[in-house]
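Working notes, beginning with the structure itself.
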Amino acid sequence: MKPTMDKDMQGKMMELESFKTQLQQYQQQKSQIMMTVQEMMSAKATIDGIKDTKDGEEMIIPIGGGTFIRGIITDPKNVISSVGADIAVTKDALSAKASIEEQIKLAEENVAMLDSEMQKIEMRAQEIYVEMESGTAKK
């Protein structure tokens, strides 16, 4: 019976290692999503900041990483928005802002899903730890 117990323990250890890898991957995904959300919030704030700007007005424009440049706004009612694959389109500021808000909402939903999955994995890992401890105590 002891070899079966050892195989069972090995299986549980492998499952725990698998959970650890999954949790790391989910955490990386979550971090990437959160960075993207921060960028989108910055873009949204910039759009809000230029809505009352007049053509030819100078302003400080964020370019990321807490860095700004001075620039002259030539068309505050329109923004250029990336649609992927190195393609950008001109959108009016309001629809660009709405699009950003929708992307933020979807990203936050993805974060919530990842959090839920991580919680499930952590709960299952805890169950395995308890099983392993009770198996060890029975020896």
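No value in this document is a laboratory result; all are computed from the given coordinates. Predicted model only: the values in this text are computed from it and were never measured. Neighbour counts run over all protein chains shown; Cβ positions are idealised from the backbone, glycine included.
Let's test the formula: R0 of 22 Å, r as the Cβ-Cβ distance of Met41 and Ile69. What FRET efficiency results, to the nearest 0.05? The pair Met41/Ile69 has a calculated efficiency of 0.70. Kindly list the residues of segment 59-100 that lie in the label zone of Lys51, defined by a backbone N under 11 Å from the point 7 Å along the Cα-to-C-beta vector. Counting only backbone N, you get 93-95, 97-98. Helical runs assigned H by DSSP (4 residues or longer) give the chain a calculated mean residue ellipticity at 222 nm of -25500 deg cm²/dmol, each run adding -39500 (n - 2.57) before division by the residue total.
For a test of understanding, tell me how many lysine pairs in segment 2-138 have Cα atoms under 17 Å apart, given they are 8 or more places apart or on different chains. Summing the qualifying lysine pairs gives 21. The angle between the Cα long axis of helix 2-50 and the main principal axis of the chain comes to about 10°, on a 0 to 90 degree scale. The computed semi-axes √(5λ) of the Cα gyration tensor in Å for the structure shown corresponds, within (1) 37, 15, 13; (2) 24, 18, 13; (3) 53, 12, 12, to (3). Measuring r between the beta carbons of Ala107 and Asp6 and using R0 = 35 Å, the FRET efficiency lands at 0.20.
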